[in-house]
1. Give region 181-207 a look and list any residue that's buried (at least 17 other Cβ atoms within 10 Å of the Cβ) and more than 23 Å from ALA278 (Cβ to Cβ), or say none.
2. For SER345, are the conditions met, namely being touching a residue at least 12 places away in the same chain (Cβ under 8 Å) and farther than 17 Å from ASP391 by Cβ?
3. Would you mind finding the one in ARG363, ARG383, ARG375 that is open to solvent by 80 Å² or more (accessible area, probe 1.4 Å) and in contact with a helix residue (DSSP H, G or I) (Cβ under 6 Å, 6 or more places away or on another chain)?
4. Mind listing whichever residues of region 289-318 are open to solvent by 60 Å² or more (accessible area, probe 1.4 Å) and either among the acidic types (Asp, Glu) or not in a helix (DSSP H, G or I) (or both)?
5. Of the residues in region 386-414, how many are among the charged types (D, E, K, R) and open to solvent by less than 40 Å² (accessible area, probe 1.4 Å)?
6. Have a look at ALA169, ALA173, ALA156 and point out the one that is touching a strand residue (DSSP E or B) at 6+ places or on another chain (Cβ under 6 Å) and within 21 Å of HIS212 (Cα to Cα).
7. Identify all residues within region 194-215 that are in contact (Cβ under 8 Å) with a residue 40 or more places away in the chain and in a loop (DSSP other than H, G, I, E, B); write none if there are none.
8. Which condition number does PHE321 fail, the rest of (1) open to solvent by less than 60 Å² (accessible area, probe 1.4 Å); (2) in a helix (DSSP H, G or I); (3) without any contact (Cβ under 8 Å) to a residue 40 or more places away in the chain being met?
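The values are calculated or read from the model by the stated rules, or taken from the named source; none is laboratory data. Keep in mind that this is a model prediction, so the values were computed, not measured. Note that each Cβ is placed from the backbone with ideal geometry, even for glycine, and that neighbours are counted across all protein chains shown. Protein only, heavy atoms only, side chains kept; ligands, DNA and RNA dropped before computing areas. Shrake-Rupley method; radii C 1.70, N 1.55, O 1.52, S 1.80 Å.
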Amino acid sequence: MGSLFAELARQASTNARREVEAYTREIAEFGFLDKDPRARAETFDHSVWLRHRTVELSPDNAELSDDDLEYIASMGELRAGAGMSLDARQQVLRLHTALMLREINEATEAQRGAGVDELMRMMTWFAPQGERGIVAYRQGFVRVLRRRMPYVEQVALLARSLLNGDPIAAELAEAIDMELSDRYAVTVFRLPDPPPVDRILENELETLVKSHRTPIVWGSRGGDGSGELIALVPVRSAAERAEDVPPHTVPDLLPDLAPEHVADCVRDVAQALGRPCAVGTATAPLPELSDALDRARRISDTAPLRRASARSRPHTLADVFVELAVADVPFVDAWLRALSDRLASGPDLLVTLDMYYRHDMHRGATATALNVHTRTLDYRLRRARELTGIDPGSTRGVRTLSAAVTRRLSGAWR
């Protein structure tokens, strides 16, 4: 055994002890090691074992055996059984990898830079075998979750791991027999009030998860008292979607157009929620789901609150880009609010204008949707013009009054 490997073997116990101390110091969930001598000893023994196996296998570039991987998996099971969160698990893996690399560097420096060949052999071994060890640890972690966690909670965990870019998502998806997509429509259902704990609702959502193959998780919003549900609706790959792209279409505009099956999922989930909600969606590939969630939240914040219906669909950036911009310009927002206040003084004018624009200003379709005669509709449109000085059917009316109505119905001016 060369000098680098000998130095690592000599320092194995010291380095393992330093690793345990780092866990307790830097990861809050490992504070229990200070109060549980047995758990601390198990953690120390595993750290020593892993370092000895590294020194034994790396000189000849030998792989971790099946027994080695099973032992590593058992540590993942132990941590999951103790209730470790996914965030803490990720911290453990990052910290362990950083410490091992530091130890290799320290051992190299202790040899005054000698043994470059040994260092290259060590690093050649470390990358692939380290990855195999991490996969085994994740698999052990997921085994416990699969045994102990209800299905709907496993799905929620999968959704959070996808949004956080956590590699454990692959194992979680396999555990619940859900195939991962390379792209998702991150869809946020904003509710004006947090929904009560309702087992019937949870059962309905579980049924929808299975039928739509869609991870769903309850989210947490700011201090405005509202609640949200986040659904990750899988969409087809870029290659598959390209087959349906009409000629002369601008490709960059396509990701924000919600596919038809996203609308189907939105309608079903909104009906299950059974209360008004504002739905925003943004599509993105797997590595960008966190950013897509931010966009979908902003869209849902701007979208109007509506009850589920056969016409329910998610709002995209293309639907509310004007309102999104207005929300960031206070004096424009205040002007639109004053206009909406005038409309609110007339009976049913806000609802009428909302329906009018939703039906592309088609008088017959709008009157039918409102269940009124077209003469009644015409009277209300004239009344809106009298109150605001703006003709709802003009270009200015579409630009101005549609934004005012949408902002009002979103609840932004409560």
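1. Selection gives SER181, ARG183.
2. yes
3. ARG363
4. Residues satisfying the conditions are ASP291, ASP294, ASP301, ARG307, ALA310, ARG311, ARG313.
5. 1
6. ALA156
7. Once the filter is applied, which keeps residues that are in contact (Cβ under 8 Å) with a residue 40 or more places away in the chain and in a loop (DSSP other than H, G, I, E, B), region 194-215 yields PRO195, THR214, PRO215.
8. Answer for PHE321: the failing condition is (1).
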